[in-house]
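Reading through the structure tokens given below for one structure.
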Amino acid sequence: MPSLSINRTIPLLIVSPILASVVVTGYFGYFNGRKAVDNLAQKINLQTTRAIEAYVQEFLGDPHELLAFNDAYIEGSDFDVKNFDTLRKIFVQLVPSMSNGVGYGSEQGQYMGIFLDPTNYKDLEFWLRDESTGSDANVYQIQPGQPDRLLKTIPYDPRVRPWYKNAVETGKTVWSEIYVFAGSGVLGMTAAFPIYDENKVLQGVFSNDIILNDINKFLEELYISPKGEAFIIERNGSLVGNSLGESPFIVIDGEQERLDVRDSVHPLLKKVSQAVFERVDNQTLSLDEETYFKLTADRTSQYIGVMPIKDGRGIDWLIVVAIPEADFSSVILASVRSTLIVGGTIAILSTIMGLLAAKWIITPIQSLNWAAKAIEEDRFEPATLTKVIKRQDEVGELAQVFQNMATVVGASKANLKQQMSELENEVLQAKRKSNDRRRYDPTTIRDLLKRSRAMRDRFNPSQSNGHGRSLSEQLKQVKYFASFSEQNLQKLIALGGKQILQKNEILFHEDDLGESFYLILQGSVKIYIEKLDKFLTNLSGGDFFGELSLLLGIPRTATVQTLEETSLFVLDRKGFQLFLQEYPDIGQEIAQQLCEHQEELEERKQLLKAAGLLEDEESFNSNPLNWIRKRIFSFQS
């Protein structure tokens, strides 16, 4: 069966586009689904980061608003900040309704503060450091209607705390660094506001504490996606809060230290943070604007969103949201699945219909093919096409025409056989009559004569190349030998020989060793430089070449190829030397011709130096013709 049989080709042409369309549709469905998921993930990322930013800004704004209220109250009421009893009454009203804890530290080291009990966040604690406590601070539990109960005494000096130092250094409302609260061991930070008297002398610093556990709770309760996570870090990588339950500090040798998120034990936190800071280091990520990218972390693809958050009071954090691609894979798979189900169903139905149509087309064509072979083998039976002829379409009409044609062809073949038999008999009789006669083809005879003449010219240097002239006659046609007697011509012939080349034949290539001098008797040659694909000139009857390499002892400077059948008179090195000694006038002519090759000589100057032929370079440069004549005369001697 032929490799391009319609049994294979037509079904393939029908089924292939159907299957290809299903595959392409599925691919673009998957591609568009991925694109839609990317857009959706970026929108969710954007909404999440902005929701976190809004919460954090509000969370961080309240402590400073409270400090501003305190400052306005103190200035408006001419309140004495050294009166701790009055301060206590004010602070009790603020905690816990508006703050986790507020305090005041004076420049003399005194301190008073009201804080929520960090163990239950219900009871209030009163902190006091004055002349009675010395360098320590007493911590009391406030019991409504009863005296305060002393809980503990700890070393404490407000002036060395981070919040106090930051406020004094900046002279304005400022956030402290994140630190571990004294006595409670919880992580938080303090909003601080310095107080000055009318002479701009520092009196002390008000403080308002916030606990970062509130940010952790918010992030843990925030719904991003089924497995989406968020965390907040400082620019140096220290963890502020996260939704994964990771502690923001670690204990080393009994001391609590901030956790660098790049050292987290949680693979997602570690991988995402490392990727963020790597992109910052190689300057592909800017931390001054919202940025979104994709990476593989925790063995799944993650959509990452990074947003900076600042409040102008020292807060410079980064909000990072990670949404796994797996949260949206069900959307992509559902889209692809529906596409494949619908496309596959259509493909199956279309394939079945296509194969039935192919069979409907192929079956009659096969019958016609079998009929054609039967006609070729002279065994055609009209019944072969009976079923096809019954079809009421163009194929049926074609089968009817084919059957009629087969009948005509059969009759014609029978008639042709009869005529061929008669013709064979006539040919046999003609052969018998001409058995003693032989016929020759004039064209063949002319070719034989032509080849014979060519062979004579090639192997008999005294003969012409097919025009009935001897070599001496051909040499006499050259202007240099026009005045030569027959005796001189025979002497010249004795020094060299004749060479015949066919059309487009290469005589020699550039850089070949030059050992012969050539004179064109008849025909023409082309001279060119192969390496540069540069044409130099064409030479014809009476011109000579090859003298440059022979005289100077350098390789051939160009390639010579015949343009037509060409006859050459050839002198080898010894013959050329005797020739110049015998005919010095022609040597002068050759020198004149060589002078025209000055550009070529210039190009070969380095080669001449290497060969020791250019000892007098000044003479060569000033008068190349005299230099060449001397070279010819030295060659003769």
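Among the residues of this structure, Tyr121 counts as one that is touching a residue at least 12 places away in the same chain (Cβ under 8 Å), farther than 25 Å from Asp80 by Cα and in contact with a Pro (Cβ under 8 Å, 6 or more places away or on another chain). Only a single item in (1) at pLDDT below 85; (2) on the phi < 0 side of the Ramachandran plot is not met by Asp253, and it is number (2). Counted as qualifying within the stretch 467-534 are the strands (runs of 3 or more DSSP E) with 2 or more residues that are on the phi < 0 side of the Ramachandran plot and over 50 Å from the mean Cα position of the chain (by Cα), namely 497-501, 516-522, 524-529. Among the conditions (1) in a loop (DSSP other than H, G, I, E, B); (2) closer than 22 Å to Gln93 by Cβ, Ile114 misses just one, which is (1). Given the conditions (1) farther than 30 Å from Phe218 by Cα; (2) in a helix (DSSP H, G or I); (3) modelled with pLDDT under 75, which single one is not true for Ile341? All conditions pass for Ile341, except number (3). Scanning the stretch 156-205 for residues that are within 60 Å of the chain's Cα centre (by Cα), of a type in the set (Ser, Thr, Tyr) and farther than 25 Å from Lys310 by Cβ yields one hit, Ser184. Among residues of the stretch 270-328 being aliphatic (A, V, I, L, M) and in a loop (DSSP other than H, G, I, E, B), the one that is farthest from Asn236 (Cα to Cα) is Leu285.
When Gly29 is tested against (1) over 28 Å from Asp311 (Cα atoms); (2) modelled with pLDDT of 75 or more; (3) open to solvent by less than 60 Å² (accessible area, probe 1.4 Å), exactly one condition is not met: (2). Within the stretch 515-559, being touching a residue at least 40 places away in the same chain (Cβ under 8 Å) and basic (Lys, Arg) holds for one residue alone: Arg556. Considering Val92, Val81, Val102, the condition of being in a strand (DSSP E or B) and among the β-branched types (Val, Ile, Thr) is satisfied by Val102 alone.
Restricting the first member to the stretch 367-380 and to residues that are in a loop (DSSP other than H, G, I, E, B), and the second to residues that are at pLDDT below 75 and surrounded by 14 or more Cβ atoms within 10 Å (Cβ to Cβ), the beta-carbon pairs closer than 6 Å and six or more apart or on different chains are Phe380/Ala374; Phe380/Ala406. Checked against the criterion of being open to solvent by 70 Å² or more (accessible area, probe 1.4 Å), of a type in the set (D, E, K, R) and in contact with a Leu (Cβ under 9 Å, 6 or more places away or on another chain), the stretch 267-276 has at least one qualifying residue. Tallying residues that are open to solvent by 30 Å² or more (accessible area, probe 1.4 Å) and either at positive phi or not polar (S, T, N, Q) (or both) within the stretch 229-245 yields 5.
Having 1 or more residues that are open to solvent by less than 50 Å² (accessible area, probe 1.4 Å) and under 17 Å from Ile211 (Cα atoms) is the bar; report the strands (runs of 3 or more DSSP E) wholly within the stretch 120-194 that clear it.
Strands (runs of 3 or more DSSP E) meeting the threshold: 124-129.
For the stretch 203-228, filtering for residues that are open to solvent by 40 Å² or more (accessible area, probe 1.4 Å) and in a strand (DSSP E or B) leaves 1.
Within the stretch 436-443, is there a residue that is at pLDDT 70 or above and not charged (D, E, K, R)? No; the residues of the stretch 436-443 include none that is at pLDDT 70 or above and not charged (D, E, K, R). Whenever a residue of the stretch 563-581 is under 18 Å from Phe481 (Cβ atoms), it has no partner that is hydroxyl-bearing (Ser, Thr, Tyr) and surrounded by fewer than 17 Cβ atoms within 10 Å (Cβ to Cβ) lying with C-beta atoms less than 6 angstrom away and at least six residues away or across chains. Residue count for the stretch 477-525 under the criterion of being among the small types (Gly, Ala, Ser) and over 19 Å from Gln577 (Cβ atoms): the result is 5.
The values are calculated or read from the model by the stated rules, or taken from the named source; none is laboratory data. Note that the structure is predicted; figures quoted are calculated from it, not measured. Note that we place each Cβ from the backbone using ideal geometry, even for glycine, and neighbour counts take in every protein chain shown. Keep in mind that these areas ignore ligands, DNA and RNA; they rest on the heavy atoms of the full protein, side chains included. Shrake-Rupley method; radii C 1.70, N 1.55, O 1.52, S 1.80 Å.
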